[in-house]
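Read the structure below first, then the notes.
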Amino acid sequence: MHKKKYYLETIDPTTIHIKVLYNYLQQDFERIELLPRFVIKRNLKKGSMKAVYLTDGQEKYGYAIYQQVDVFGGIFISYLAVRSKFRANGLGSELMQQLKDLSANGILLEVEDPEAAKGEQDYANRLRRIQFYERNGLHLNPNIKINSFFVPLRMMNNAERTDVYDITFYQKLYNRIWGLPLGSFFVKENQ
């Protein structure tokens, strides 16, 4: 039995491709977690964000939307998911490995803070996501908790330099995505 060859395919930022991608996002993320489609479209078209599918050339198994972060030469992942019908087959780890190969200097991403869970099932789901990223070489940054657009988040990374990741760093990432200075209003430290 031979193993399938997976690779990352860059998503063409045309309207139809963005519509398909946004439909996947709506299936995989809560409404409060989603950037508006016009924000994603604008950022993909101007190149400040990139989107990729995990594929074997036949099927699209998962996807990620990220931005390059010049201050450390790594990437900040805004969205990462394996499509529901392909989950629990190791494809999430495959997608993470492919993204790590893109970014030798590290990966940053956000996860929902388990301490802010709404019930046992929500807590278990949040913890499961953190454990997935830990199995794939990331760790929680113990020095920062943020509240982004009223959602309590923790930051995870596998980068060498964590000294540059303070609240103003994350505010700048959001300002870049929104194209407006919203970061200082909607991205705050959560104590």
- Message: For Val69, only one of the following conditions fails: (1) within 17 Å of Tyr53 (Cβ to Cβ); (2) open to solvent by less than 40 Å² (accessible area, probe 1.4 Å); (3) in contact (Cβ under 8 Å) with a residue 60 or more places away in the chain; (4) hydrophobic (A, V, I, L, M, F, W, C). What is its number?
- Response: (1)
- Within the bounds of the stretch 152-175, is there any residue that is at pLDDT 70 or above, surrounded by fewer than 19 Cβ atoms within 10 Å (Cβ to Cβ) and at positive phi? no
- Does the stretch 4-24 contain at least one residue that is in a loop (DSSP other than H, G, I, E, B), touching a residue at least 12 places away in the same chain (Cβ under 8 Å) and over 21 Å from Leu102 (Cβ atoms)? no
- Message: Here's a check for you: in the stretch 1-29, which residue that is charged (D, E, K, R) and modelled with pLDDT of 85 or more is nearest to Ala81 (Cα to Cα)?
- Response: Asp28
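Please state which one of Glu115, Glu110 is under 25 Å from Ile144 (Cβ atoms), open to solvent by 30 Å² or more (accessible area, probe 1.4 Å) and under 13 Å from the mean Cα position of the chain (by Cα).
Details: Glu115 fails: under 13 Å from the mean Cα position of the chain (by Cα).
Going through Glu115, Glu110 in turn, the sole match is Glu110.
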- Select from the stretch 132-148 the residues that are loosely packed, with under 15 Cβ neighbours inside 10 Å and more than 25 Å from Tyr53 (Cβ to Cβ) and list them in ascending order. His139, Pro142, Asn143
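Does Leu80 satisfy being part of a strand (DSSP E or B), open to solvent by 10 Å² or more (accessible area, probe 1.4 Å) and more than 17 Å from Lys172 (Cα to Cα)?
Details: part of a strand (DSSP E or B): yes; open to solvent by 10 Å² or more (accessible area, probe 1.4 Å): yes; more than 17 Å from Lys172 (Cα to Cα): yes.
Yes: the conditions hold for Leu80.
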- Checked pairs for the stretch 164-191, first over 18 Å from Gly74 (Cβ atoms), second of a type in the set (Lys, Arg) and modelled with pLDDT of 60 or more, C-beta under 6 Å and 6 or more apart or across chains, list as Asn190/Lys145
- Item | Residue count, the stretch 85-113 (criterion: assigned to a helix (DSSP H, G or I), closer than 23 Å to Leu153 by Cα, of a type outside the set (A, V, I, L, M) and in contact with a strand residue (DSSP E or B) (Cβ under 8 Å, 6 or more places away or on another chain)) | 2
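Sort out which residues of the stretch 25-43 are assigned to a helix (DSSP H, G or I) and open to solvent by less than 80 Å² (accessible area, probe 1.4 Å), and write them in order of number. Quick ask: steps written out before the conclusion?
Filtering the stretch 25-43 down to residues assigned to a helix (DSSP H, G or I) leaves 25-28, 31-33, 37-43.
Result: Leu25, Asp28, Glu33, Val39, Ile40, Lys41, Asn43.
The values are calculated or read from the model by the stated rules, or taken from the named source; none is laboratory data. Source: prediction; values computed, not measured. Please note: Cβ atoms are built from the backbone with ideal geometry, for glycine as well, and neighbour counts cover all protein chains shown. Areas reflect the complete protein model, heavy atoms only, side chains present, ligands, DNA and RNA absent. Shrake-Rupley method; radii C 1.70, N 1.55, O 1.52, S 1.80 Å.
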